[in-house]
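Working notes for the structure below.
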Amino acid sequence: MNRNPKQGNGRGPRRSGIPLTAIGRKILPSELVSEQLAKKPPKQSKKDSGKNNKKDTAPVIAKKVNADGAAQKEPMQNRPKKPVRIIPLGGLGEIGKNMTVIECANDMFIIDCGLAFPDADMLGVDLVIPDFTYIERNADRLRGIVLTHGHEDHIGALAYLLKKVNTPVYGAKLTLALVEAKLKEHQLAGKVQLNVVQPRRTVRMGCMAVEFIHVNHSIPDACGLAIHTPAGVLVHTGDFKIDYSPINGGIIDLARFGELGSRGVLALMADSTNAEREGFTPSERKVGESFDKLFTTAENRRIIIATFSSNIHRVQQIIDCAERYGRKVAVFGRSMVNVISIAVELGYLKVKSGTLIDIEVMHRYSDDQIVLITTGSQGEPMSALTRMAMGDHKKVNITPQDFIIISATPIPGNEKYVTRVVNELMKSGATVVYERMYEVHVSGHACQEELKLMLALTKPRFFLPVHGEYKHLKKHAQLALSMGMPKENVIIPELGNVIETNGLEMKVVSQAPAGRVLVDGLSVGDVGSIVLRDRKHLAQDGLIIIVVGIDNADNSIVSGPELISRGFVYVRESETMMEEARVLLCEALESCSPAELRDWNALKGKLRDVLSDYIFSTTKRTPMILPIIMEV
């Protein structure tokens, strides 16, 4: 039984959280509690217990009369309770920007706050984050933010939200260390209350409480959540897999999920990323076995391994192999350097003295003494591996002496970028090993049999698949139906759905504002659909500018029209076409009356139409046409 931290245990005061000393300041644990939402009832005396030995002792809340006039008793658990609302603001029908709001009465909190990476048609966009409108409107009811783990799609947008609302943040030690690094980049260090929570400890959120449960994932300190509410217990798995032989941290706490299921789970929200994959997700140790074989195959060549910077378990196995084969390890890529530095400092990475070397001294070692760990497993244009492949890296030139391992599976949409990088690496003569050739990558997400086990353990009344594209959510819902869940109790949520439950039923009752906000450099939300449309137009067909000078006194044409082309045609090679276009514009201007010359909007429209019709008839292209009228 959990104890109240104020009561102690005879050995001094208990603490609910661990100070995160590795990030330079003490974490305030004032909001952390370890007691259960409801205390155990007091023991009954023999005298009292005798009164309750009568038949039919279930609590009665109301008397109903049967047809024969006899009173019908209704058990307490069938009584509607204070409603709780689940509002997903990201992570549904998409990969990334996971964010969910849980609210009850005058209290609400947020689960995760992640980002997504832009699609190919989002030209110039750096990041995509959730729409925070609903949070800002209800900031006075916000009690905190709880984080399941430290991946970008779960913490990447946190700094942008914390610029708008000031609220405590709760998570595991590594998760908050990664958050702290992000807050420093956004000049928020020291301004946000970070609270470290251990698994099986509970955080109070007004009339609700959130219990952290250890799960396996591709990053240490991943947690699922048990949300204790007046309507019942909601279970959110976070990103998870069931790994019976994890690299460190122990196996997923299946016992706690089973205990919650035996007591009654109102609703389960479970990771759907791998719902289409049959069987079980392989253990991370499989990758370590493959690395060992590949290190032998590499012989006297330099080894370069690209993987996700946050996959600390993967990095640990690379370092272990390097140490066994007497190689030094150098790290490339800003995010990789940051994460590995934090992991080593906090003890999540075990590295022997002298194994890690600075990139500046790498040239002192021969090829068979070096392992490079780098970013770029997704073919990102500015990543270290891509720059190596294109010959743009300042420190590393790819040669036939390189043995390159891409230890990741391309995220949907990134396949062509990864293929381009692989092709360029091979053109340089390097040997390239990627996921389909060897077991150099395993997923951090549960496959079908693991998802079924989670459903069987928690035995929820209602089920909401989360985290994935619609096809993943749909397949996960079908798994639940195949296990006997009633169809009316399985809800495939959509972004912005306000899903309400009173403990007896669950339904969508309204819609909250939800969507995507685009980040371009330091601008947040300035780039919308119209800007993206214009960027796409410019990228596809280019731009022509018409410049005309008009005398303000008599509205006569004093200069132009001049044509300037960018991204449409090379003017010196298309002089005839450009001159014909200029003649047509001159004729259009000469045909205008003084009144038409004074109406600049109408004049711009006329010039645009004349030039557009001519260019399309000549080239079958539709460049953006921008008339500029100067008053002289």
Problem - Rounded Å value of the spacing that divides the Cα centres of the range 135-206 and the range 461-504 - result: 27 Å
Fill in the blank from the handout: Links exceeding 22 Å between C-alpha atoms in this model, out of K81/K164; K97/K241; K81/K241; K427/K536; K328/K395, come to K81/K164; K81/K241; K427/K536
Practice task
Can you tell me the equivalent ellipsoid semi-axes for the range 173-241? Use √(5λ) from the Cα gyration tensor, largest first, whole Å.
Solution key: 24, 17, 9
Practice task
Starting from the eigenvalues of the Cα gyration tensor, five times each then square-rooted, give me the equivalent ellipsoid semi-axes of the range 246-301, largest first, whole Å.
Solution key: 37, 15, 7
Exercise for the section: Roll a 1.4 Å probe over the protein heavy atoms and report the accessible area of E587 in Å², nearest 10. Expected result: 100 Å²
Exercise for the section: Loop only per DSSP, at most 16 neighbouring Cβ atoms within 10 Å: give me the trypsin sites (Lys or Arg not before Pro) in the range 164-202, ordered by residue number. Expected result: K164, K191, R200
Practice task
Find how many whole Å separate the alpha carbon centroid of the range 341-383 from the alpha carbon centroid of the range 81-127.
Solution key: 34 Å
Fill in the blank from the handout: The alpha-carbon center of the range 423-453 and that of the range 218-273 are separated, in whole Å, by 26 Å
Handout entry: Convex hull volume per residue for the range 288-407, taking Cα atoms only, in Å³
Key = 97 Å³
Fill in the blank from the handout: Restricted to the range 164-296, the DSSP antiparallel beta bridge percent, nearest 5, is 75 percent
Completion exercise
The base-10 log of I(q)/I(0) that the Debye equation returns for the range 150-301 at q = 0.09 Å⁻¹, one scatterer per C-alpha, is -0.38
Practice task
Using per-residue counts of other Cβ atoms within 10 Å, averaged over each peptide, order 500-513, 264-277 from highest down.
Solution key: 264-277, 500-513
Practice task
Provide the solvent-accessible area of F117, counting protein heavy atoms only and rolling a 1.4 Å probe, rounded to the nearest 10 Å².
Solution key: 140 Å²
Exercise for the section: Just flag the chymotrypsin sites (Phe, Trp or Tyr not before Pro) in the range 324-401 sitting in loop per DSSP whose Cβ has no more than 16 other Cβ atoms within 10 Å. Expected result: Y325, Y365
Practice task
DSSP loop (so not H, G, I, E, B), at most 14 other Cβ within 10 Å: list which trypsin sites (Lys or Arg not before Pro) in the range 351-427 pass both filters.
Solution key: K352, K394, K395
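The values are calculated or read from the model by the stated rules, or taken from the named source; none is laboratory data. These numbers were taken from a predicted model, which means no experiment stands behind them. Every residue, glycine among them, receives a Cβ derived from its backbone with ideal geometry; neighbour counts consider all protein chains shown. We work out accessible area using only protein heavy atoms, side chains counted, and drop any ligands, DNA or RNA first. Shrake-Rupley method; radii C 1.70, N 1.55, O 1.52, S 1.80 Å.
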